[in-house]
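The block underneath contains the structure these notes are about, expressed in structure tokens.
The values are calculated or read from the model by the stated rules, or taken from the named source; none is laboratory data. Computed from a predicted structure; not experimentally measured. Ideal geometry is used to build each Cβ from the backbone, glycine not excepted, and the neighbour counts take in all protein chains shown. All accessible areas refer to the heavy atoms of the entire protein, side chains included, with ligands and DNA or RNA removed. Shrake-Rupley method; radii C 1.70, N 1.55, O 1.52, S 1.80 Å.
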Amino acid sequence: MALRTIILVLLSLSFITATQAAEKMKLAAPFFPPYTYFDVDGNLDGLWIKQLNPVLQDAGIEFIAVNTRMSRFYSSIATGKVQLSAIPKGVPGMDNVLFSEQPFARFDLRVFWLDDRPDIANVKQLANQRVVLTRGYNYGGFLEEALSEQARQNFLQAKTKTEAIELLLKGEADYVLGYWALMDYLQKNMPDVQLNNKKISEIPIYFVIHNSAENADELIKQYDSAFARQ
């Protein structure tokens, strides 16, 4: 086969592959272990992915995982920059997003604190305390429902989980609000830090499809049917 022919064949195969990839919907996947993360080989993994993969395969929904920063996560879903993801209800700006009928997972929402702070039994006790939130997290609208804006006036924002914990250790905050994933992070990255923690809520997580996706209404029905079969 002539070199020119070989090059043309390779270019054609590349074009077909790129076209097929372009046809697949994008699934927003933030770095949020143990729920979602990309492993050392660049493959999407995590608890949520293990739960979603068999349902999406059964539903015939093909996707490409896109590593999406938390600071852009919700806006990427709301604007249709990505077509698929998993979020709680109550996130502002999701008018063009279709939610699955049932949640496929739940967030274990917890409060963390050091021994020199009073124990926390429920979210109402966080009123007027210096509570650190992580920027980009929505907490499923739970805080807005549980505490007034006035009661949250002393709440702080941290860019990362590390920064949130450091504010606590420096005495610049009284409590940190986070998910159970924070315990996984502490065990792997800060094993000498011992924090008290209390579960205060469970936040349902739903599979979502942006309605800009082709046949979005039918796809969410296919997902719901596949989920019911699992």
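Worth a mention:
- Measuring max minus min along each principal axis, the C-alpha atoms of the range 146-223 give extents of 52, 36, 22 Å (largest first).
- Cross-link partners of K26 among lysines (Cα-Cα below 17 Å; sequence separation of 8 or more within a chain): K81
- When only alpha carbons are used to place a centre, the range 30-106 and the range 144-162 end up 25 Å from one another.
- Nearest-20 debye value, the chain charge dipole, Cβ charges on Lys, Arg, Asp, Glu: 320 debye
- Placed amide H near N154: partners under 5 Å, 5+ positions off or other chain: N128
- Per-pair calculated FRET efficiency, R0 = 45 Å: K170 and R106 via Cβ, rounded to 0.05: 0.90
- Note on the range 87-230: Kirkwood hydrodynamic radius from all Cα pairs is 16.9 Å, rounded to one decimal.
- Amide hydrogen neighbours beyond the local backbone of I205, cut-off 5 Å, H modeled: F104, A105, R106, F107
- Relative contact order (percent, whole number), the chain, Cα cutoff 8 Å, 6+ residue spacing: 29 percent
- Computed over protein heavy atoms with a 1.4 Å probe, the accessible surface of the range 153-230 works out to 53 Å² per residue.
- Stretch gain in nm, segment E218-S71, where the contour uses 0.36 nm per residue and the Cα spacing is subtracted: 49.9 nm
- Think of the chain as having a plus end and a minus end, set by charges on the Cβ of Lys, Arg, Asp and Glu; of V131, P92, L167, L167 sits farthest toward the positive end of this dipole.
- Sequence-ordered 3J(HN,Hα) estimates for the range 190-206 from the Karplus curve with 6.51, -1.76 and 1.60 and θ = phi - 60° stand at 9, x, 7, 8, 10, 10, 6, 8, 9, 6, 10, 6, 10, 10, x, 10, 10 Hz, glycine and proline given as x.
- Span-rule helices in the chain, defined as complete DSSP H runs reaching 15 Å or more along the axis (Cα) with Kyte mean at least 1.0: 3-23
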